[in-house]
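K.L.:
Before I ask anything, let me first share the structure, which is written out below as structure tokens.
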Amino acid sequence: MNAPRHKITVVTNGNYFAALGLSPLLSAARDRFDVQVLVTTGLRRQSGNRLAEAWLLARRWGWRYFVYKSVTYILPAAGGAVRREPADVAALCDRVGVPVGTVRNVNDAGSVTAVREFGPDLLVSFSCPYRIKTPLLQVARIGSLNVHSSLLPSYAGVCTYVHVLAEGCNETGVTVHEMVEQVDAGRILEQGSVSIPPRTSTFSLFSGQCRLAGTLLLRAIDTSLAAGRLGGVPQDLSKRSYRGEPTAADINHLRRRGHRLMTLADAVALFRGPATSPQPRG
């Protein structure tokens, strides 16, 4: 009799960047794992009205970053409509037979119940706009992993790919770490560096981070499942730095350093969709 397959729950916003990073895991799901994916449909701030949420973010971000974020959703959707082949996480899941559901907030009681009924060994957060709270963190048998776009403990927080460009860094990276109640503070399981050449765009940097993240995440999953526990190295939180959502001033700093949010080549890549997609079942 074959041994039971390990189970993994993924929570994500399901966008273009998540599709880049989750492609290796979804490909592996065909032969190695049972995977449940929950795609969030909400924004970071919950006001009860999606337009009100968007307006609050637009005021904080400024028009340049708000337009950029909107385009990262609109162009892949337009390209997928032209190709008749959607390129988001939900579409990739459909191609490989992975069940996918949509939820407003992954911390809602209904979401926690759905995950508990699936019974995952690991919970993975990839580009999820919500802080995962204790009831959901406690569901997975082995533990919970988060993928973060910096070399922790530096640049904890959100949209760190903007901040490293605005602050003139020459290097950043990706960290796969244990998810705990404190944001981006758990033990580090995998970490990799990404260089930042002059005139790097925000889109290019984050795309590269997501591709690297896919490799590191799969490695962390394999290691954790083989050991039956989360290993990793505790962070030195005395060296921790934190960044919040970017402001218009941050975007201005980024541009003054010679960077851009997106180039024409970036827009073409967005329209074409993720370059690495799981192949359909044979």
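K.L.:
Compute the distance in nm between two label points, each set 7 Å from the Cα along the Cα-to-Cβ direction, one at Glu167 and one at Arg116.
P.N.:
About 3.9 nm separates the two model spin labels.
K.L.:
While we're on this one: If you build a Gaussian network model of the chain, linking Cα atoms that sit under 10 Å apart, which residue out of Thr102, Thr160, Thr12 swings the most?
P.N.:
Evaluated over the chain, the most mobile residue of the options is Thr102.
K.L.:
Then there is this: Magnitude of the Cβ-charge dipole of the chain, K/R +1 and D/E -1, about the Cα centre, nearest 20 debye?
P.N.:
On the way: 33 positive and 20 negative charges, 112 e Å.
Rounded to the nearest 20 debye, it is 540 debye.
K.L.:
Give the Cα extents of region 199-270 along the principal axes, in whole Å, largest first.
P.N.:
Principal-axis extents of the Cα atoms in region 199-270, largest first: 46, 35, 17 Å.
K.L.:
Just want to confirm a number: the relative contact order over the chain, from Cα pairs under 8 angstrom separated by 6+ residues, in percent. Don't jump to the answer; show the numbers that get you there.
P.N.:
Numbers: 556 pairs, mean separation 73.0, N = 282.
That works out to 26 percent.
K.L.:
Another question, then. Kindly provide the pair-distance distribution of region 105-264 built from C-alpha pairs, with 10 Å bins from 0 and whole-percent values in order of increasing distance.
P.N.:
11, 37, 33, 15, 4, 0
K.L.:
So what are the ³J(HN,Hα) numbers for region 147-152, from phi and the Karplus equation (6.51, -1.76, 1.60; θ = phi - 60°), rounded to whole Hz, Gly and Pro as x?
P.N.:
With the stated coefficients, region 147-152 comes to 9, 10, 8, 6, 8, 4 Hz.
K.L.:
Quick query: amide H of Ala185 versus all other amide H atoms, modeled in the peptide plane; which residues come in under 5 Å with a sequence gap of 5 or more or a different chain?
P.N.:
Val180
K.L.:
Please list 3J(HN,Hα) in residue order for region 238-246, calculated via the Karplus relation 6.51 cos²θ - 1.76 cosθ + 1.60 where θ = phi - 60°; whole Hz, with x for glycine and proline.
P.N.:
Couplings: 5, 9, 6, 10, 9, 10, x, 4, x Hz.
K.L.:
Toward the positive end of the charge dipole of region 133-282, about the Cα centre and with charges on Cβ (Lys, Arg +1; Asp, Glu -1), which of Ser207, Pro135, Leu237 goes farthest?
P.N.:
Ser207
K.L.:
In terms of modelled amide H atoms, which long-range or inter-chain residues lie less than 5 Å from the amide H of Leu145?
P.N.:
The list, which skips near neighbours in sequence, is Leu123, Val124, Ser125, Met179.
K.L.:
Also, quick follow-up: So which GluC sites (Glu not before Pro) in region 103-185 pass both tests, a DSSP loop state and at most 15 other Cβ atoms within 10 Å of the Cβ?
P.N.:
Here the sparse-neighbourhood loop sites are Glu167, Glu181.
K.L.:
Given region 125-265, what percent of its DSSP beta bridges are antiparallel, to the nearest 5? Don't skip to the answer; put the middle values down first.
P.N.:
Values: 12 of 16 bridges.
Looking only at bridges with both residues in region 125-265, the antiparallel portion is about 75 percent.
K.L.:
For each pair in Lys69/Lys239; Lys133/Lys239; Lys7/Lys133, compute the distance between the two Cα atoms and list the pairs where it is over 28 Å.
P.N.:
Working: Lys69/Lys239 30 Å; Lys133/Lys239 24 Å; Lys7/Lys133 20 Å.
Pairs exceeding 28 Å: Lys69/Lys239.
K.L.:
Another one. With the dipole of the chain worked out from charges on the C-beta (+1 for Lys and Arg, -1 for Asp and Glu) around the Cα centre, which of His163, Ala220, Ser149 lies farthest toward the positive end?
P.N.:
My answer, from the dipole projection, is His163.
K.L.:
Rounded to the nearest 5, what % of DSSP beta bridges with both residues in the chain are antiparallel? Walk me through the numbers before you get to the answer.
P.N.:
Details: 12 of 35 bridges.
If I count the DSSP bridges inside the chain, around 35 percent turn out antiparallel.
K.L.:
Would you mind checking which residues have amide H under 5 Å from His6's amide H? H placed 1.01 Å from N; only 5 or more apart, or other chain.
P.N.:
Asp34
K.L.:
So I have (i) 20.0; (ii) 19.2; (iii) 22.6, and one of them is Kirkwood radius over Cα pairs in Å calculated from this model. Which one is it?
P.N.:
Correct label, based on the coordinates given: (ii).
Bear in mind these aren't lab numbers, they're just calculated from the coordinates by the rules spelled out. These numbers come from a predicted model, not from an experiment. Glycine also receives a Cβ, built like all others from the backbone with ideal geometry; neighbour counts cover every protein chain displayed.
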